[in-house]
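See structure below.
Laboratory data are not the source of any read-out in this text; all were calculated from the coordinates shown. Just so it is clear, the structure is predicted and the values come from calculations on it, not from any experiment. Using ideal geometry, Cβ is built from the backbone for each residue, glycine included, and neighbour counts are taken over all protein chains shown.
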Amino acid sequence: MKKRSIVFFLLAILFASCIKEEVKSYTGKPVLEFDAAVLNSAATGVKFPVLTRVPKYGLTAVSSGTTADPQITRSSGAIKFRVNLVGPQSPAEQVLSYKIVSADYSSLLDVPTGSSARLAAVPGTHFNTTGTFTVPANSSFGEVTITVVNPGTSSTIARYLVLEITGNESATPSENYKRIAIQISET
């Protein structure tokens, strides 16, 4: 009986060591995606999220003593949105681009013509941005910075802008996570 146990034990070790380990790694062209698009659900009627709060990364919310992210308002100032580089990292710094998709946010939703429910944020009046961001060498993350401008006059109607990653020749945007909308509250 003891000999059978030893034989089964040796056979188990022999067959277990024959399993080939498959290491899978992404070898295609890197893909870019907004972290906020991955972590948030798409809004009703569109295929991307509409952000109303400043996204935080890591432990900043816990260490600051608050669990809620602050609302995006006309006094928010500079807001950073992380962009993920999915795929092999580059040994050199990469300058990538993004664009404001639509001056009229309502064209992306089912909003009646002439409705003031979805007013577009005006560049220079409600926000400023450069259209480019950098992914440092040997990194998988970059940051898009939008500076919310306080126009001075208060309104009860929120303003919207939609960002879309366009990438460059070495990294393409993810079709599912390349857009986010930002709602700037006027209160």
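Points to keep in mind about this one:
- Whole-Hz Karplus values for the stretch 166-176 come out as 10, x, 8, 5, 9, 8, 10, x, 6, 5, 7 Hz, taken residue by residue from phi with 6.51 cos²θ - 1.76 cosθ + 1.60 and θ = phi - 60°; glycine and proline positions read x.
- Relative to the current alpha-carbon distance between PHE8 and THR52, full extension at 0.36 nm per residue lengthens the span by 9.6 nm.
- Rounded FRET efficiency, nearest 0.05, which uses the C-beta distance separating SER75 from TYR26 and R0 of 45 Å: 0.65
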